[in-house]
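The values are calculated or read from the model by the stated rules, or taken from the named source; none is laboratory data. Treat the numbers as computed from the prediction; the structure is a model and nothing was measured. Positions of Cβ are backbone-derived with ideal geometry, glycine not excepted, and every protein chain shown enters the neighbour counts.
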Amino acid sequence: MKLNASLPAPLRRTRRIVFAALAVLGLAGALFVVRRPLMMSAPRCMAGRWHGCFDTFNGVVLMTLVALPLAALVVWALARRRRAAGVPSAWRLSLAEVGMVHGTVPFLWLTLMPGGGAGTVPARVSLVPLRDLVTMGTLGILGNLLIFAALGFFAPMRFTALASVPRVLALGAGCSVLVETAQYVLRLDRVSSVDDVLVNATGAVLAGLASRRWWRTAAQAPSDRPRPAMAPAG
């Protein structure tokens, strides 16, 4: 028996409002802390300049935040279309689709951003586990945990085939291997490290566990399509 199902509707509504308010407050607090670095890139980003905006960490983060209202609008449009078609869980499916893209693409952009010696220095690879982990630092580890966190969080909510911890782990590790391979092949002046793969996959799994209560089940999968109307008998 699910606890949420046994709660009265007003109490469930109150819990959702409280969680939403806490999320907004947390986002506002994070923005307040990083407001100064982000504002350094604001003039160039608002002017549409590539240099100083899209080739910097602060600029990419700023544009990701600026695009949040557009992402919310896309979620609303997709959910409205699904609800009109009679698709159950319209909001969850729409949020998962947009969340995977909006929460992953900026981190991929930052990860594949060329270094100062891109194209000139030889490609570097590190295949010894845990050797590079001690040199990442707190920010480096946190950043690697977040690269595929949105994918790990939302993918099991959207795809039934990914609704298990081993599959989320395989998804995060596989995507990370592709990124590290791209860094090596394109000679982006970055080290392709097995530790990056381990931390990226761990971040995907941790985020997936956080969304486990909303994962799709096999019983829910067939109901995503609108059911045809039954012809009247006789």
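The condition of being among the hydrophobic types (A, V, I, L, M, F, W, C) and touching a Leu at 6+ places or on another chain (Cβ under 8 Å) holds for only one of A67, A79, A85, that being A79. Kindly establish whether R81 is in a helix (DSSP H, G or I), assigned by TED's automatic domain parsing to the domain that holds W109 and surrounded by fewer than 13 Cβ atoms within 10 Å (Cβ to Cβ). Criteria met by R81.
Applying a threshold of 9 Å to beta carbon distances and a minimum spacing of six or more residues, or different chains, the list of pairs starting in the range 111-122 at a residue that is within 16 Å of W50 (Cβ to Cβ) and in the same structural domain as V179 (by TED's automatic domain parsing) and ending at one that is small (G, A, S) and surrounded by 10 or more Cβ atoms within 10 Å (Cβ to Cβ) reads L112/A182.
Among the residues of this structure, L146 counts as one that is within 19 Å of N200 (Cβ to Cβ) and not small (G, A, S).
From L171, L188, L198, which residue is crowded, with 16+ Cβ neighbours inside 10 Å and within 15 Å of A150 (Cβ to Cβ)?
On the way: L188 fails: within 15 Å of A150 (Cβ to Cβ); L198 fails: within 15 Å of A150 (Cβ to Cβ).
So the residue among L171, L188, L198 that is crowded, with 16+ Cβ neighbours inside 10 Å and within 15 Å of A150 (Cβ to Cβ) is L171.
On the stretch given as the range 33-43, residues that are at pLDDT below 70 and part of a helix (DSSP H, G or I) total 1.
When the residues of the range 90-135 are filtered to those that are of a type in the set (D, E, K, R) and part of a helix (DSSP H, G or I), the one that is modelled with the highest pLDDT is E97. If I filter the range 89-98 for residues that are in the same structural domain as G208 (by TED's automatic domain parsing) and over 23 Å from A67 (Cα atoms), do I get at least one hit? Yes, there is a match, as at least one residue in the range 89-98 is in the same structural domain as G208 (by TED's automatic domain parsing) and over 23 Å from A67 (Cα atoms). The residues on offer are T64, T56, T135, T111, and the sole one that is more than 30 Å from M157 (Cβ to Cβ) and surrounded by 14 or more Cβ atoms within 10 Å (Cβ to Cβ) is T56.
Take the conditions modelled with pLDDT of 95 or more, touching a Phe, Trp or Tyr at 6+ places or on another chain (Cβ under 6 Å), in a helix (DSSP H, G or I) and in the same structural domain as S89 (by TED's automatic domain parsing) and apply them to A207. Does it pass? So A207 fits the description; yes. The residue of the range 123-153 that is nearest to Y184 (Cα to Cα), among those that are of a type in the set (V, I, T) and in contact (Cβ under 8 Å) with a residue 12 or more places away in the chain, is V125.
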